[in-house]
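Asks: Below you'll find the structure I mean.
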Amino acid sequence: MTQSFRITLLPGDGIGPEIMAVTVDVLKAVGSRLNLAFEFQEALIGGIAIDEAGSPLPEETLAQCRQSDAVLLAAIGGYKWDTLPRHLRPETGLLGLRAGLGLFANLRPATILPQLIDASSLKREVVEGVDIMVVRELTGGIYFGEPKGIFATEMGEKRGVNTMAYTESEIDRIGRVAFETAQKRSGRLCSVDKANVLEVSQLWRDRITALSADYPDIELSHLYVDNAAMQLVRWPKQFDTIVTGNLFGDILSDAAAMLTGSIGMLPSASLGADGPGVFEPVHGSAPDIAGQDKANPLAQVLSAAMMLRYGLNQPEAANMIETSVLSVLDQGYRTGDIMADGMTAVGCKAMGEALLKTLA
Ligand code: IPM
Ligand code: MG
């Protein structure tokens, strides 16, 4: 029997449409091999949505996402929209999508592939074998806390304000996702905060510590965020699963991503308590190379694999995609961001064709 899934595609801006096109072809190929039918429907988000519908997250987009089984997002943003007022920025659309779908848990794996060790800026012995999962809280913290805004003081001066706030229940639900993620991995969890300075972090640390009583099989540690940033580049192999708040997770996941050589390789999954998840590459829209067939589509393709694994419960299809990515790397195909001596330079489309060949 054919299983059928409704997928909302959000190609967005910059290199988004190019890497999405490759990924859709890959999904179709996997679907036809495993008897899975995908019903794809495109919708607008980000800069293109501002241009075509006057809002970075049109209501129809959110409604359509809610009705689908999963959402595959490419990337948003570009120079063109950087000077618009905040409510009209592409980033506001992305934050609205996360909040609108209740996607509080963001899983960002940083796994170094043996084929790409030399693409890392760190020494081989430091990065070889690195396999980290950053669990980032995604709908709270300073990104969403109130009050926020730019206000006038009594002295007539402007004052910019954001608020870093977490409730116990917000910490507990992301904490449980993190403990359960660590259970499926090596059983080590490091919680990152700034409890030496921030009250919100003290509560975070207290709750994560309290939760650990329910997970006696997990070895829990805590680090301050400044130390965690240093440890990530000093000796990343000490980490397995990391759990942290929205802002610290934004920063640390970029650093963790770069350990692997290129941020162009890394997928992510954003999940809520129920309803569809959003699956997207960690990298941005790379407007500098958009439309030139230079982009690396592999993070987007691997995001589709995460969609199959975490969103649609199709591990076999996810494995098939991941194996095909390893296979094209073994065959020596490299986009510019991961190019090395003796390898075959390809563009976005040719990388897609190589993937399809391994899936045929
Ligand atoms: C990310 C991005 C976003 C974030 C931006 C584009 C709003 O940097 O997904 O990490 O800060 O969360
Ligand atoms: Mg970021």
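Asks: Could you work out the Rg to Rh ratio of the chain, with Rh taken as the Kirkwood radius (inverse of the mean 1/r over all Cα pairs)?
Replies: 0.96
Asks: GNM on the chain, C-alpha springs below 10 Å: top fluctuator among THR241, THR181, THR163?
Replies: The residue with the greatest mean-square fluctuation here is THR163.
Asks: Hey, what do the phi angles of the range 82-88 turn into as Karplus ³J(HN,Hα) couplings, whole Hz, using 6.51/-1.76/1.60 and θ = phi - 60°, x for Gly and Pro?
Replies: Listing the rounded values in order: 5, 9, 6, x, 3, 5, 10 Hz.
Asks: Among LEU138, ALA49, ILE208, which residue has its Cα furthest toward the positive end of the charge dipole of the chain, with +1 on Lys/Arg Cβ and -1 on Asp/Glu Cβ?
Replies: Ranked along the dipole, the leading option is ILE208.
Asks: Still on this model: Hey, what number do you get for the chain at 222 nm if only DSSP H runs of n ≥ 4 count, each worth -39500 (n - 2.57), divided across all residues, to the nearest 500?
Replies: Rounded to the nearest 500, the figure is -12000 deg cm²/dmol.
Asks: Counting only C-alpha contacts under 8 Å and six or more residues apart, can you give the relative contact order of the chain as a whole percent?
Replies: Value for the chain: 22 percent.
Asks: Moving on to the next point. Could you give me the ³J(HN,Hα) list for the range 165-176, computed from phi with Karplus coefficients 6.51, -1.76, 1.60 and θ = phi - 60°, whole Hz, x at Gly and Pro?
Replies: Each residue of the range 165-176 in turn: 9, 9, 8, 4, 5, 5, 5, 4, 5, 6, x, 5 Hz.
Asks: Beyond 24 Å, how much of the Cα-Cα pair distribution for the range 112-266 remains, as a whole percent?
Replies: 39 percent
Asks: Still on this structure, please answer the following. Name the residues whose placed amide hydrogens come within less than 5 Å of the amide hydrogen of ILE242, ignoring near sequence neighbours (fewer than 5 apart) on the same chain.
Replies: MET133, VAL134, VAL135, CYS190
Asks: Placing unit charges on C-beta atoms (Lys and Arg positive, Asp and Glu negative, everything else neutral), compute the dipole magnitude of the range 44-199 about its Cα centre in debye, rounded to 20.
Replies: The calculation lands at about 280 debye.
Asks: Give the distance, in whole Å, between the Cα centre of the range 7-32 and the Cα centre of the range 68-144.
Replies: Result: 17 Å between the Cα centres.
Asks: Go through SER121, PHE179, THR260 and say which Cα lies farthest out towards the positive end of the charge dipole of the range 112-266; charges sit on Cβ, +1 for Lys and Arg, -1 for Asp and Glu.
Replies: SER121
Asks: Taking neighbour Cβ counts within 10 Å as the exposure measure, how do LEU220, LEU94 sort from fewest upward? Could you put the intermediate results ahead of the total?
Replies: Working: LEU220 18, LEU94 23.
The most exposed by this proxy come first: LEU220, LEU94.
Asks: Remind me, relative contact order of the range 112-266 in percent, using alpha carbon pairs under 8 angstrom and six or more residues apart? Don't skip to the answer; put the middle values down first.
Replies: Details: 260 pairs, mean separation 55.7, N = 155.
Computed value for the range 112-266: 36 percent relative contact order.
Asks: Here is a follow-up. May I ask for the net charge around ASP82, where only other residues with Cβ less than 10 Å from the Cβ of ASP82 are counted and Lys, Arg are +1 while Asp, Glu are -1?
Replies: Spelling it out: positives minus negatives among the neighbours equals +1.
Asks: Sticking with this structure for a sec: State the number of lysine pairs found in the chain whose Cα atoms come within less than 27 Å, restricting to pairs 8 or more positions apart or on distinct chains.
Replies: 17
Asks: In what sequence, highest mean first, do 47-54, 230-237 appear when ranked by Cβ atoms within 10 angstrom?
Replies: 47-54, 230-237
Asks: Oh, and also: Which residue fluctuates the most in the chain, going by a Gaussian network model with Cα springs under 10 Å, if the choices are GLU157, GLU137, GLU170?
Replies: Evaluated over the chain, the most mobile residue of the options is GLU157.
No lab work stands behind these numbers, since they all come straight from the coordinates. Computed from a prediction, not measured in an experiment: that's the story for all the values here. Methodologically, a virtual Cβ is constructed for each residue, glycine included, from the backbone with ideal geometry; neighbour enumeration extends over all protein chains shown.
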